[in-house]
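Visitor: Please find one structure pasted underneath; my questions will follow.
Just so it is clear, none of the values below were taken in a lab; they were calculated from the coordinates. What you see is a predicted model, and the numbers here were worked out from it, not measured in a lab. FYI the Cβ positions are ideal-geometry reconstructions off the backbone, even for glycines, and counts take in every protein chain you see.
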Amino acid sequence: MRLFGYARVSTSQQSLDGQMKALKEAGVRENRIFSDKATGSNLNRSGLDLLRLKVEEGDAILIKKLDRLGRNTEDMITLIKEFDAMRVSIRFLDDGISTEGTMGKMVVTILSAVADAERQRILERTNEGRLEAKAKGVRFGRKPSVDRKAVRSLHAQGVGATEIANRLKIGRSTVYKVLTD
């Protein structure tokens, strides 16, 4: 039996370091660790695809946490069934569970359903909070960086668009945009 590892983060700003360290400490050789920086809901991940090609019957895949394999229950079950058909087991280090055996598969399925429900609840709470904030007048997004009054004032004084752009250190197209609003 060979040990393989899989690590995933959702965005390129996140770090794989903690997961990689845990996999190495669990005995996975560095050249057998596959990783992705992509959302878990996307089943077409290059690291996961390579892992699928490398594993063989009797191998085990180690993953730090249950939610690193997939983002929702359906995807998790699909991947678990796929690896199970290849007779490859999956072990989740932090959760202390494995797909080895009937009970292990059942526990993984239940936990992935619970994780999926929690993600949905977080999204609902986030959206509720955003709506409440908007109702209170909170504005989202980037703060305006162009002094629109200054652009209009300089234009009213007869200053040309290129000169306005130079003085205010903004693009000439931005000057035109402000003047046509």
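Visitor: Given Leu79, Gly96, Leu123, which one lies farthest toward the positive end of the charge dipole of segment 27-145, if we put +1 on the Cβ of every Lys and Arg and -1 on the Cβ of every Asp and Glu?
Guide: The one lying farthest along the dipole's positive direction is Leu123.
Visitor: In debye, nearest 20: dipole of the chain around its Cα centre with unit charges on the Cβ of K, R (+) and D, E (-)?
Guide: My answer is approximately 1200 debye.
Visitor: List the extent of the Cα atoms of the chain along each of their three principal axes, largest first, rounded to whole Å.
Guide: 79, 38, 26
Visitor: Using Cα-Cα distances under 8 Å and only pairs 6 or more residues apart, what relative contact order does segment 6-83 have, in percent?
Guide: 38 percent
Visitor: Note down the net charge around Val138, summing +1 for each Lys or Arg and -1 for each Asp or Glu among other residues with Cβ under 11 Å from its Cβ.
Guide: +3
Visitor: Let me ask another. What three numbers, in Å, describe the spread of the alpha carbons of segment 39-127 along their principal axes, ordered from the longest?
Guide: Here the Cα extents, ordered largest to smallest, are 44, 30, 20 Å.
Visitor: At q = 0.18, 0.20, 0.27 Å⁻¹, what log₁₀ I(q)/I(0) does segment 123-181 have when each alpha carbon counts as one equal point scatterer in the Debye sum?
Guide: Those come out to -0.63, -0.69, -1.04, one per q.
Visitor: For the chain, what are the DSSP H helices with axial Cα length of 24 Å or more and mean Kyte-Doolittle hydropathy of at least -1.0?
Guide: Flagged H segments are 102-135.
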